[in-house]
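To keep things clear, I will list the structure first and then write my remarks on it.
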Amino acid sequence: DVLIVGSGPAGLAAARSASQASARVMVVERDRDLGGSLNWCPAIVDDTDGLAWARKTCEDLREQASAELLTRATAVGLDEKNRLVVLQLLSDAPGNDDPASGGRVRVWRIEFRQIVLATGAAERSLVFPGNDTPGTFTANGLLEYANRFGLRHGGKAVLLTNSDAGHRSACALYDAGFDVQAVIDYRKNLDASVIGPVCDRGIDIAGGRAIVNVDGKESINEVFLARYSDNQIGEATGSYSCDLVAVAGGARPRLDLFARAGGELAYDSKRDLLSLKTSGLIDIVAGAAAGDIGLSDALKFGAQAGQKAAGRCELTAGKLDAPSAEPEISNPAAIVWSIDTPESNQALSNQWVDL
C-alpha cells in the first residue's frame, strides 16, 4: 500500500502512522542502520532518547506481518505505473551475514499504491578562504564520526555557522567530547536563548564575524577573523588557534529521486534552500526533504504524510498520533555565498564549494 523512501524521523513517523491505519508498509533505507540523523544527533522524541525511540518504532514495525524494512537499499528510479526499482547490497556469499562485504546486489521491483519521499537533507558547507585545508569538516560529519562510530579528533575546534542550528551543533559536539573553542556566526544580533547553552559550556561566541584566512598547509593551525556585516568584510578582529573547523551552513534537501521522477525544484530565497515546485510522479514529500528542517516539524508532517498516503489507499485512519519533540528556535539565517577579502592575500579562487 504505502512505500516510504528514507527511515529518518519523518520516514519512521510516516511508516508508524500508515501502519496504524492498517496499511501494508515498506520502508527503503540506503544506510545500514535505520533512524537517519537520530543515529548521531542528540534528540528527545516522545520524552525518550531519540535513537531509542527510532529502534522501538522499528521493532514495532518488524513485529507486524504487514510491514517490511529494507536496509542498504537504494531507490534508483520509478515509472508512471507506480513501480520503484531498488538496489539492495547483500553479503558476498550466501550464509555470510555481513552485508559490508558487498559482493551481491538484489534488484527489487516494487509496485505500490502510494509513495512517501522522506530522504532527509545533507548539511551544507560554508565557503571561506582556505576552506579546503585538511581539518575542515561539516559539523554533522564530526557528530556522526563521534556518536555513531566512536571516532573523535582530540584537537581544538571552532565552529563556523550562519544559523541557530550551528549553535545546537556546537553544544552537541562539546557534549560528545570535542574541545570546542568558539562559535563564529556571520550574524551580528544573536538570540540570547540560542547562545545561552553555548555560553553555559564555556564556549566563546564571535557574532558578526567571518573567517578570512587559515594558517596551515597540511592541516589547520589557526583561523583569522574579521568583522562581517551585509556581505562586507571589515577590520580584523583576532584569531583562534585550532585543529578543526566545523562548518554548519544549513540544509540541502535530498531531492535527487524527486527530480528524476519529473518533479521541478525552485530556489526559496527566504529559507535559502531548494523547494518543491511541481510534483511529477511523487507528490507526498515529508520532513527535511520538504524543507521541514526541524525535528518537531519532521515528526509531525511525517506522521501526516503517512496518514494521507493510507487515506488515499481507502484505509480509515483514526486520530493522528504524531510523535512529539520540542520545537527548535529558528531565527533567520545569514545567506553567504563567498567571502570577498580584497585586502588579504587570499583570492576568491581559493574558496571551495566542496570539501
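The values are calculated or read from the model by the stated rules, or taken from the named source; none is laboratory data. What you are looking at is a predicted structure, and each value in this text was computed from that prediction instead of being measured. All Cβ positions, even for glycine, are placed from backbone atoms using ideal geometry, and neighbour counts span all protein chains on display. Calculation scope for accessible area: heavy atoms of the full protein, side chains included, ligands and nucleic acids excluded. Shrake-Rupley method; radii C 1.70, N 1.55, O 1.52, S 1.80 Å.
In this structure, ALA288 does not satisfy being among the small types (Gly, Ala, Ser) and modelled with pLDDT under 85. So if I check each of LEU89, LEU84, LEU117, which one is modelled with pLDDT of 90 or more, more than 27 Å from LYS300 (Cα to Cα) and surrounded by 14 or more Cβ atoms within 10 Å (Cβ to Cβ)? That would be LEU89, the only listed residue that is modelled with pLDDT of 90 or more, more than 27 Å from LYS300 (Cα to Cα) and surrounded by 14 or more Cβ atoms within 10 Å (Cβ to Cβ). Restricted to strands (runs of 3 or more DSSP E) entirely inside the stretch 238-302, those with at least 2 residues that are under 25 Å from VAL353 (Cβ atoms) and in contact (Cβ under 8 Å) with a residue 60 or more places away in the chain are 244-248, 251-253. What tally of residues in the stretch 9-40 results from selecting those that are outside any helix (DSSP H, G or I), open to solvent by 10 Å² or more (accessible area, probe 1.4 Å) and farther than 17 Å from ARG113 by Cα? Residues meeting the conditions: 7.
In the stretch 138-159, what count of residues is obtained for those that are surrounded by fewer than 19 Cβ atoms within 10 Å (Cβ to Cβ) and assigned to a strand (DSSP E or B)?
Taking the stretch 138-159 first, the residues surrounded by fewer than 19 Cβ atoms within 10 Å (Cβ to Cβ) are 141, 144-145, 148-156.
If we keep only those that are assigned to a strand (DSSP E or B) too, we end up with 156.
Looking only at that region, the number is 1.
In the list ILE110, ILE184, which residue meets the criterion of being in contact with a Leu (Cβ under 6 Å, 6 or more places away or on another chain), open to solvent by 10 Å² or more (accessible area, probe 1.4 Å) and aliphatic (A, V, I, L, M)? Result of the check over ILE110, ILE184: ILE110.
Return yes or no: is TYR228 in contact (Cβ under 8 Å) with a residue 24 or more places away in the chain and among the aromatic types (Phe, Trp, Tyr)? Outline the logic, then answer.
Working: in contact (Cβ under 8 Å) with a residue 24 or more places away in the chain: yes; among the aromatic types (Phe, Trp, Tyr): yes.
The answer is yes for TYR228.
Any chance the stretch 65-73 includes a residue that's touching a helix residue (DSSP H, G or I) at 6+ places or on another chain (Cβ under 7 Å), assigned to a strand (DSSP E or B) and either open to solvent by 50 Å² or more (accessible area, probe 1.4 Å) or under 30 Å from TYR174 (Cβ atoms) (or both)? Looking through the stretch 65-73, none of the residues is touching a helix residue (DSSP H, G or I) at 6+ places or on another chain (Cβ under 7 Å), assigned to a strand (DSSP E or B) and either open to solvent by 50 Å² or more (accessible area, probe 1.4 Å) or under 30 Å from TYR174 (Cβ atoms) (or both).
Looking at the structure I just gave you, is ASP340 at pLDDT below 95, of a type in the set (Asp, Glu) and either more than 20 Å from SER7 (Cα to Cα) or assigned to a helix (DSSP H, G or I) (or both)? Against the criterion (at pLDDT below 95, of a type in the set (Asp, Glu) and either more than 20 Å from SER7 (Cα to Cα) or assigned to a helix (DSSP H, G or I) (or both)), ASP340 qualifies. Of all residues in the stretch 253-271, those being closer than 22 Å to LYS300 by Cβ and surrounded by 15 or more Cβ atoms within 10 Å (Cβ to Cβ) number 5.
Whenever a residue of the stretch 154-167 is of a type outside the set (Asp, Glu), its partners that are open to solvent by 10 Å² or more (accessible area, probe 1.4 Å) and in a helix (DSSP H, G or I), lying with C-beta atoms within less than 7 angstrom and at least six residues away or across chains, give the pairs LEU159/SER169; HIS167/VAL194; HIS167/ILE195. Quick check on the stretch 187-234: of everything there that is over 16 Å from THR133 (Cβ atoms) and among the polar types (S, T, N, Q), which residue is most open to solvent (accessible area, probe 1.4 Å)? Among those residues, the one meeting the criterion is ASN189.
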